[in-house]
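Contents: one structure, followed by commentary.
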Amino acid sequence: MPRRYDIRNAIPQPHQEMQMDGQRVSEAIRSGDYATIWLNDGRTFEAFIENIDVDADKVYLVAIESGESLELSLAEVHGLAVDNEESAPETIDDQIKRIALGEYLMIWGQFPGAISQTAKQGKLKNVDFPNRCLTLHSTTYNHDVWVPIDKITYIDESRSGPGALGPAQSPDWYRRPDGDWYKGDRKYEG
């Protein structure tokens with residue numbers, strides 16, 4: 001579960017003078033965090049936290065926009081917001097929970113009875129998390145397909161039905177209705 005820590009109320013308002021102390025900064029962030037940082041001089045930037053050295057009163061980070069490595073004193077930090085949702089990849093279970101019933105899916109995995117990766121496809125009919133399986137309804141063969149959740153390696157949500165996304169090969173030269181041969185927009189000059 002992503003950890004969120006937001007202390008934006010530490011940003012000074014016209015009527016308030018407030019500053020984070022170094023201990024509060026070091027408690028709020030960890031190595032590997034993505035954070036928005038407000039400095040005492042008014043600058044704000046997003047950064048990846050590489051390391052925090054409380055004894056030396058330093059934070060080592062990489063600014064997201066410039067890629068520049070920076071070293072800040074903990075006392076320079078006025079406020080920060082940590083949001084690690086970007087750093088936590090979506091799990092197969094999370095993806096399944098997000099998908100609506102009836103959506104067409106192509107699911108890849110190392111399924112029982114197959115020597116290599118195979119795909120199962122159809123409309124999502126049912127999800128049974130306690131038994132770690134889901135059911136797709138094959139629109140091609142008009143039957144249900146059982147899929148073990150723990151064997152899934154990838155779920156392709158981009159399809160709207162069975163079949164290839166495009167032709168296996170596109171023609172090099174083709175004849176237009178005017179009788180001339182073309183390759184893309186280039187006319188064959190012979």
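The values are calculated or read from the model by the stated rules, or taken from the named source; none is laboratory data. Since this is a predicted model, take the numbers as computed values, not measurements. The area values use the complete protein model at the heavy-atom level, side chains included, leaving out ligands, DNA and RNA. Shrake-Rupley method; radii C 1.70, N 1.55, O 1.52, S 1.80 Å.
Summary value for region 54-149: 15 percent relative contact order, contacts being C-alpha pairs under 8 angstrom separated by 6+ residues.
The residues of region 120-164 expose on average 60 square angstrom of accessible surface per residue, using a 1.4 Å probe on protein heavy atoms. Per the 1.4 Å probe, what fraction of the accessible area of region 42-130, in percent, lies on carbon and sulfur atoms? That share works out to 50 percent. Solvent exposure of TRP181, expressed as accessible area, is near 100 Å², computed with a probe of 1.4 Å over the protein chains only.
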